[in-house]
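Visitor: Have a look at this one before I ask anything.
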Amino acid sequence: MASERRLLLGVLLIVALVLPVGAWAVDRVRQHQQSSDDTPAVLGADTATVQTYPAATAAPKLDLTTLDGRRLDLAAYRGRPVLLNFWATWCAPCVREFPLLRRTLEQRRSDGLVVLGVLVNDNPGSARRFVRAHGGSWPVGIDQGARAAGAFKVVGLPESVFVRRDGTLATRVLGELTQDRLDAQLASIVAG
């Protein structure tokens with residue numbers, strides 16, 4: 001009888017631990033499926049994770065038109081460390097991290113750092129006004145249809161991909177950047 005109770009308590013404990021995680025995962029999938037297009041989910045600082053790419057993973061091709069009508073080609077920045085930020089103006093964590101990106105570019109310009117934005121499924125006019133109002137000085141490519149986001153396997157916004165000088169992928173942060181997360185990832189691409 002005591003062993004049956006222990007077994008029952010063990011099963012209940014497992015269910016109590018697994019159920020909330022499963023519910024969270026189902027909710028994330030449901031949120032993504034409910035979007036009217038291929039727009040990635042919104043990820044905040046509390047859900048941010050860092051992923052490292054396998055060694056020598058080449059960055060996918062990125063060739064977009066920018067908010068000011070120019071061409072944004074990632075290959076043109078070979079030889080410089082690149083922070084590639086996937087974002088949208090309707091994404092609250094993206095808006096919160098924008099000043100951090102601006103400050104970092106100002107502080108790291110002498111290291112050759114390049115910041116490139118990829119506007120995912122957002123209104124270019126709204127983005128132009130936002131970038132102007134918030135002092136963004138880096139190129140922002142327009143990614144209607146999220147094809148570039150798909151090529152980089154972006155799962156949520158914001159998402160930042162860190163590209164080494166040789167054009168290979170170093171790491172990515174899924175979710176909102178913090179100063180500590182940003183500094184740690186930049187160390188791996190600026191030094192090389």
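Every number here is computed from the coordinates shown, using simple stated rules; none is lab data. Just so it is clear, the model here is predicted, and its values are computed rather than measured. Neighbour counts are summed over all protein chains in view; Cβ atoms, including those assigned to glycine, are modelled from backbone coordinates with ideal geometry.
Visitor: Between Thr65 and Ser126, what is 0.36 nm times their sequence separation minus the Cα-Cα distance? Round to one decimal in nm.
Guide: 20.4 nm
Visitor: On alpha carbon coordinates alone, what is the Rg over Rh value for the range 41-190, Rh being the Kirkwood radius?
Guide: 0.91
Visitor: Rounding to the nearest 20 debye, state how big the charge dipole of the range 41-190 is about its Cα centre with +1 on each Lys and Arg Cβ and -1 on each Asp and Glu Cβ.
Guide: That gives the range 41-190 a dipole magnitude of about 380 debye.
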